[in-house]
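K.L.:
Please read through the structure below; I'll follow up with questions.
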Amino acid sequence: MIKKHMNKKATDFQTYLSKQLKDKEFKEYYDAYEKQLELAYQIAQLRTKAKMTQLELAKKIGTTQSNVARMEKGQQNFTIDTLNKVAKTFKKDLKVSID
């Protein structure tokens, strides 16, 4: 039941995003910050899945709760060091590429 609900949320987000991308101003912003927003969403999802608060994540990566909140909103530039700390916290590998 939970997985079904989680898939609905993902679908709802994709539906929402599709609608928002029809707005020219939103699309320009999204195109400019797409990768940053994708990372923000991934971090928020990992934290939520781990049932961890922003404050708990902040302590694990050596920052403040407000910085984590900004990261999850896509309002924070990410350093490789910070992304490595986040990845290690969730036992994930960080992969960076330029295609």
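What follows draws every value from the coordinates through simple rules; no lab data is involved. Note that the structure is a prediction, hence the values are computed from the model and not measured. Every residue, glycine among them, receives a Cβ derived from its backbone with ideal geometry; neighbour counts consider all protein chains shown.
K.L.:
Specify which of the listed residues (Asp81, Asp93) is over 26 Å from Gln14 (Cα atoms) and either within 15 Å of the chain's Cα centre (by Cα) or not aromatic (Phe, Trp, Tyr) (or both).
P.N.:
Residue meeting the stated conditions: Asp81.
K.L.:
For the stretch 32-50, indicate whether the set of residues that are surrounded by 15 or more Cβ atoms within 10 Å (Cβ to Cβ), within 14 Å of the chain's Cα centre (by Cα) and more than 17 Å from Phe13 (Cα to Cα) is non-empty.
P.N.:
Checked the stretch 32-50: at least one residue is surrounded by 15 or more Cβ atoms within 10 Å (Cβ to Cβ), within 14 Å of the chain's Cα centre (by Cα) and more than 17 Å from Phe13 (Cα to Cα).
K.L.:
Another question, then. Is the stretch 80-92 home to any residue that is of a type in the set (Phe, Trp, Tyr) and surrounded by 13 or more Cβ atoms within 10 Å (Cβ to Cβ)?
P.N.:
yes
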